[in-house]
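Below: one structure, written as structure tokens.
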Amino acid sequence: MGKINIAIDGPAGAGKSTIAKYISKTLGIIYLDTGSMYRTVALKAMRSGIDTRDPEKLAELVKCIDIKITHLGSEQHVFLDGADVSKDIRTPEISIGASNVAVVPAVRLKLVELQREIADKNDVVMDGRDIGTYVLPQAGHKFFLTASLDERAKRRYRELQEKGIPGVTFEEVCKDIEYRDINDSTRAFAPLSKAEDAIEVDTTDMSIDQVIKKILSYIKLC
Ligand code: DC
């Protein structure tokens with residue numbers, strides 16, 4: 001029998017990871033946060049002194065990068081060269097770096113290979129930018145979450161404060177998200193876009209519970 005594949009795409013702060021985590025718990029399937037993989041490539045590049053917009057050096061870097069994803073309960077952990085970097089990849093600098101490395105086709109091809117391998121072997125809910133359009137075009141369920149820029153920036157800002165990441169103003173968060181929106185949706189290869197057969201949900205004025213209810217109402221598993 002084929003695996004359950006649920007794709008959740010959308011821009012930063014639209015609520016993808018909150019919803020995907022809840023669905024993974026409810027259905028007892030794994031959650032794969034594909035953004036964490038792009039973040040890990042950015043971390044490696046920055047630690048190696050490589051410009052996150054240098055396509056040649058990044059193509060070299062990903063040839064032998066060692067990224068592993070493990071799941072402890074519903075928590076995903078990302079390992080880079082054997083070390084758990086799950087916390088290190090959550091800074092604003094890495095957000096921008098991840099958006100930059102994600103433009104490079106060699107980086108995407110490498111990570112998409114890992115993502116498809118995981119979806120092949122597991123029932124999975126995967127969130128990202130190109131899951132419904134490129135990574136898992138055959139996914140049985142596809143959702144595209146959106147929200148206004150202001151609301152998304154508010155959510156991200158709150159999240160950074162809750163995680164205790166200091167020194168970032170609301171205006172900076174807003175600018176970062178705007179930069180990533182443009183960068184992610186205008187790149188040539190597998191840009192952020194809604195799959196034709198995805199269900200779009202504007203979460204601006206919805207509570208998390210309302211979004212979850214709506215999404216679950218579309219998922220019927222036999
Ligand atoms: O989901 P996130 O904010 O952690 O993602 C960080 C960046 O990674 C995002 O700005 C664009 C890139 N990304 C991507 O291009 N494709 C994906 N499937 C997931 C993330």
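The values are calculated or read from the model by the stated rules, or taken from the named source; none is laboratory data. Predicted model, so just to flag it, every value in this text is computed and none were measured. No Cβ is skipped: glycine too gets one built from the backbone with ideal geometry, and neighbour counts run over all protein chains shown.
Which of the following residues is within 16 Å of the chain's Cα centre (by Cα) and closer than 20 Å to residue 15 by Cα: 142, 213, 154, 110?
On the way: 213 fails: within 16 Å of the chain's Cα centre (by Cα); 154 fails: within 16 Å of the chain's Cα centre (by Cα); 110 fails: closer than 20 Å to residue 15 by Cα.
Residue meeting the stated conditions: 142.
When the residues of the range 15-26 are filtered to those that are closer than 12 Å to residue 124 by Cβ and of a type in the set (Gly, Ala, Ser), the one that is farthest from the ligand (Cβ to nearest atom) is 24.
Results for (1) farther than 27 Å from residue 27 by Cβ; (2) within 12 Å of the ligand (Cβ to nearest atom), shown as yes or no for each residue.
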site: 91; (1), (2): yes, yes
site: 117; (1), (2): no, no
site: 125; (1), (2): no, no
site: 129; (1), (2): no, yes
site: 137; (1), (2): no, no
site: 140; (1), (2): no, no
site: 159; (1), (2): no, yes
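Against the criterion of being more than 24 Å from residue 165 (Cα to Cα), surrounded by fewer than 21 Cβ atoms within 10 Å (Cβ to Cβ) and of a type in the set (S, T, N, Q), residue 26 qualifies. Count, please, the residues in the range 79-100 that happen to be of a type outside the set (Asp, Glu) and more than 13 Å from residue 47 (Cβ to Cβ). Within the range 79-100, residues that are of a type outside the set (Asp, Glu) and more than 13 Å from residue 47 (Cβ to Cβ) number 11. Condition check for residue 131 on (1) buried (at least 19 other Cβ atoms within 10 Å of the Cβ); (2) more than 25 Å from residue 156 (Cα to Cα); (3) of a type in the set (Val, Ile, Thr): one failure, at (2). Considering 144, 170, the condition of being more than 13 Å from the ligand (Cβ to nearest atom), of a type outside the set (D, E, K, R) and more than 18 Å from residue 36 (Cα to Cα) is satisfied by 170 alone. So, in the range 53-89, exactly how many residues are among the hydrophobic types (A, V, I, L, M, F, W, C), outside any strand (DSSP E or B) and away from the ligand (no atom under 12 Å from the Cβ)? The number of residues fulfilling the criteria is 7.
When you scan the range 4-14, do you find a residue that is touching a residue at least 40 places away in the same chain (Cβ under 8 Å), more than 15 Å from the ligand (Cβ to nearest atom) and surrounded by fewer than 23 Cβ atoms within 10 Å (Cβ to Cβ), even just one? Yes, the range 4-14 contains a residue that is touching a residue at least 40 places away in the same chain (Cβ under 8 Å), more than 15 Å from the ligand (Cβ to nearest atom) and surrounded by fewer than 23 Cβ atoms within 10 Å (Cβ to Cβ).
State yes or no: is residue 42 hydrophobic (A, V, I, L, M, F, W, C), away from the ligand (no atom under 15 Å from the Cβ), modelled with pLDDT of 95 or more and in contact with a helix residue (DSSP H, G or I) (Cβ under 7 Å, 6 or more places away or on another chain)? The answer is no for residue 42. For the range 175-212, taking the residues that are of a type in the set (Ser, Thr, Tyr), more than 14 Å from the ligand (Cβ to nearest atom) and touching a residue at least 24 places away in the same chain (Cβ under 8 Å), the one that is farthest from residue 136 (Cα to Cα) is identified as 204.
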